[in-house]
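Chemist: Dropping the structure in here first, questions after.
The values are calculated or read from the model by the stated rules, or taken from the named source; none is laboratory data. None of these values were measured; they are calculated from a predicted model. Glycine also receives a Cβ, built like all others from the backbone with ideal geometry; neighbour counts cover every protein chain displayed.
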Amino acid sequence: MQALPKSQLLRFIERENHLSVSTINTMNTMTTRRLSFVRGVSAVIGTAFLGVLGWYLFQPGYSWTRLALFVGLGALAVIGTAGVWYQRTRVVAVGATGLFLLGVSLAVTLWMFILPVVAVLVAATVILRIDNQPNTPSPG
């Protein structure tokens with residue numbers, strides 16, 4: 001089976017969904033911009049969180065337990081950020097939930113760094129879910 005050229009595909013979508021080609025192009029541009037923004041914010045927040053963990057790791061009181069905990073927190077942050085990057089909402093949800101559950105049991109010192117990461121990952125999950133919903137035509 002041969003793929004349709006882009007112009008024919010856009011005309012088919014326009015005819016079937018009663019959308020103009022300019023509307024379709026605008027929707028694709030907004031989705032791309034929103035996705036780029038969400039990816040960028042999650043990457044910056046994830047990197048900053050790893051930097052905070054690295055800084056706190058070598059503060060007085062270093063122990064193997066702290067190292068194991070920080071590796072777990074860092075891994076969950078990386079998993080969540082990778083989920084955003086690859087548009088996998090369930091992976092992002094696992095990272096955010098794991099960070100929240102592990103963060104609840106910690107001292108208040110790290111909460112102020114964990115909760116913003118969780119908030120960004122939850123917001124990214126919502127935005128990715130909205131963007132990945134199929135466009136269904138309205139009855140009429």
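Chemist: Quickly run through the range 103-128 and pick out the residues that are small (Gly, Ala, Ser) and outside any loop (DSSP other than H, G, I, E, B).
Modeler: Answer for the range 103-128, where residues must be small (Gly, Ala, Ser) and outside any loop (DSSP other than H, G, I, E, B): Gly103, Ala119, Ala123, Ala124.
Chemist: Scan the range 52-64 for residues that are loosely packed, with under 11 Cβ neighbours inside 10 Å and in a loop (DSSP other than H, G, I, E, B) and jot them down.
Modeler: Phe58, Gln59, Pro60, Gly61, Ser63
Chemist: Test Arg34 against the stated conditions and say whether it is at pLDDT below 90 and either under 17 Å from Val120 (Cα atoms) or loosely packed, with under 11 Cβ neighbours inside 10 Å (or both).
Modeler: yes
One line per residue, one yes/no per condition, for (1) assigned to a helix (DSSP H, G or I); (2) of a type in the set (Phe, Trp, Tyr); (3) modelled with pLDDT under 90; (4) surrounded by 14 or more Cβ atoms within 10 Å (Cβ to Cβ):
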site: Gln8; (1), (2), (3), (4): yes, no, yes, no
site: Met27; (1), (2), (3), (4): yes, no, yes, no
site: Gly72; (1), (2), (3), (4): yes, no, no, no
site: Leu99; (1), (2), (3), (4): yes, no, no, yes
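Chemist: Within the range 48-90, count every residue that is over 23 Å from Ile127 (Cβ atoms) and not hydrophobic (A, V, I, L, M, F, W, C).
Modeler: Number of matching residues: 12.
Listed here are the residues, each with its yes/no results for (1) modelled with pLDDT of 85 or more; (2) among the β-branched types (Val, Ile, Thr); (3) over 18 Å from the mean Cα position of the chain (by Cα); (4) surrounded by fewer than 13 Cβ atoms within 10 Å (Cβ to Cβ).
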site: Asn17; (1), (2), (3), (4): no, no, yes, no
site: Val44; (1), (2), (3), (4): yes, yes, no, yes
site: Leu50; (1), (2), (3), (4): yes, no, no, no
site: Arg66; (1), (2), (3), (4): yes, no, yes, no
site: Gly80; (1), (2), (3), (4): yes, no, no, no
site: Trp85; (1), (2), (3), (4): yes, no, no, no
